[in-house]
Every structure is written in C-alpha cells, then in structure tokens.
Amino acid sequence: MATNYATVTWDQLHRDARTLASALMARGEFKGIVAVTRGGLIPAAIIARELDCRLVESISVISYAGESAQDQRVPQVVKAPVAAGDGEGFLVIDDLVDSGETAKVVRDVLPKAHFACLYAKPNGKPHTDQYVMEVAQDTWVLFPWDTAPLFVPPLARNLG
Ligand SMILES: O=P(O)(O)OC[C@H]1O[C@H](OP(=O)(O)OP(=O)(O)O)[C@H](O)[C@@H]1O
Ligand SMILES: Nc1nc2[nH]cnc2c(=O)[nH]1
Ligand SMILES: [Mg+2]
C-alpha cells in the first residue's frame, strides 16, 4: 500500500492541465491528441480545448486492478489509436506516470509521439517527455473522479 495520499481537486486538476497546455504551446501545433484511457481522458479534453485541437484519439490501456501499487498488472492495450499512425505529430496525454510501465507500452505503439502528463513519480519520470508536478513514489494520487466529500466528525468527538 502507498504510505501517503495526495488529493487532487477538480480546480487543481483544471489548473494543472492548463499549465501543461501552456507549456505545450511552445512546441507548435499537434496533428491530434491521443488520450490514454481512462485517466488521460479528462486532462486530454482540457488540453485539446486550450490547444484548439479537434482530433482526439484514444489508446485504452489497463494496468491497475485496484487502488495501490500492489494492484499493478502487466499493461494490456485493449484499443489501438488507429488515427494516430506511429504517433508522428501527435501528443499523448495521461494523468500520471508511476512505474512508467503504461507509458512504455504506449510509446511502443506510438514511438514518434510526444508524451505528456500532469504528475510524475520518480520511477516514471524517464518515460514521459513532459509533466507538471512531481509526486513522491510512496504517494498514491487520488484524482477527483476517485473521491467524494465525506462527513468528518469534529475532533472533540474522537477524544473518548
Ligand atoms: O506508470 P504506471 O505504473 O503504469 O501507472 C500509471 C497509469 O496507471 C493509471 O491507469 P490505470 O491502469 O489505473 O487505469 P485507468 O487510467 O483506467 O484508471 C494511470 O491513469 C496511468 O495510466
Ligand atoms: N489514481 C491513481 N492511479 C494510479 N496508477 C498508478 N499510480 C497511481 C496513483 O498514484 N493514483
Ligand atoms: Mg491510466
């Protein structure tokens, strides 16, 4: 299990995706964007809007069966990004790189694409071309779609 959790709110995610879009502007126009499902779908939508890019393809990869690093499986591509060819001129977007295993598989399919993500853990960093923020390896990122607001009892009630 991860020792720590980092909660990302919708506002934070939107801000970080816009920050990534702003940095990506320097690379000129992309022919299209490939979202790595499912985590890359919402970041890719925000970035496509900011870059005014209408061609959005997806690659569907399954890597984790649960909510911790222990639930990692060998990544399986269950839908190919046919419209992106070998990735030339395309931008690939995922929410994060952790071990980097998903990114490696995606890069095998799209070797000429530019790979970018919002968050990167140290082991994943060598497998992404660009990211917004580094997160410690022992931290599990909780995305807004993973969480819900919950009632928390006042501290005073926990004393007994
Ligand atoms: O660098 P790695 O160790 O491979 O981990 C990163 C990948 O894991 C998560 O996807 P997941 O397989 O959980 O599927 P999901 O995007 O559908 O939630 C995340 O969205 C990345 O794609
Ligand atoms: N939600 C989430 N999915 C992941 N997949 C691999 N690492 C992570 C993480 O830290 N958070
Ligand atoms: Mg994913």
Next item on the list: Kindly provide log₁₀ I(q)/I(0) values, in the same order as q = 0.14, 0.17, 0.19 Å⁻¹, from the Debye equation applied to equal alpha-carbon scatterers of the chain.
Entry: -0.68, -0.97, -1.20
Item checked: For region 43-58, 3J(HN,Hα) per residue [Karplus equation, 6.51 cos²θ - 1.76 cosθ + 1.60, θ = phi - 60°, Hz, x = Gly/Pro] -> x, 5, 5, 5, 5, 4, 5, 5, 8, 6, 9, 9, 8, 10, 9, 9
Next item on the list: Could you run the Debye sum over the Cα atoms of region 43-131, one equal point scatterer each and no solvent, and tell me log10 of I(q)/I(0) at q = 0.14, 0.23, 0.25, 0.26 Å⁻¹, two decimals?
Entry: -0.48, -1.25, -1.41, -1.48
Margin query: Using the Karplus curve 6.51 cos²θ - 1.76 cosθ + 1.60 with θ = phi - 60°, what ³J(HN,Hα) values do you get for each residue of region 79-94, in whole Hz, with x for Gly and Pro?
Written below: 8, 8, x, 4, 5, 9, x, 8, x, 4, x, 9, 10, 9, 10, 10
Next item on the list: Note down the nm distance, to one decimal, between modelled labels 7 Å out along Cα→Cβ at Lys31 and at Ala45.
Entry: 2.6 nm
Check: Between region 77-136 and region 4-56, how many Å separate their Cα centres?
Finding: 12 Å
Next item on the list: List the equivalent ellipsoid semi-axes of region 1-93 in whole Å, largest first, each obtained as the square root of 5λ for an eigenvalue λ of the Cα gyration tensor.
Entry: 25, 19, 9
Checklist line | Protection proxy ranking, peptides 144-154, 86-96, 72-82, average beta carbon neighbours within 10 Å, highest first | finding: 86-96, 72-82, 144-154
Next item on the list: Within the set of other residues whose C-beta is less than 15 Å from the C-beta of Ile42, count the net charge using Lys and Arg as +1 and Asp and Glu as -1.
Entry: -2
Checklist line | Pairwise FRET efficiency - Phe151 versus Arg38, Cβ, R0 = 35 Å, nearest 0.05 | finding: 0.80
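Values quoted throughout were computed directly from the atomic coordinates according to the rules given, and no laboratory measurement underlies them. Bear in mind that the values here come from a model prediction, so they are computed numbers and not experimental data. So basically every Cβ, Gly included, is an ideal-geometry build from the backbone, and we count neighbours across all protein chains shown.
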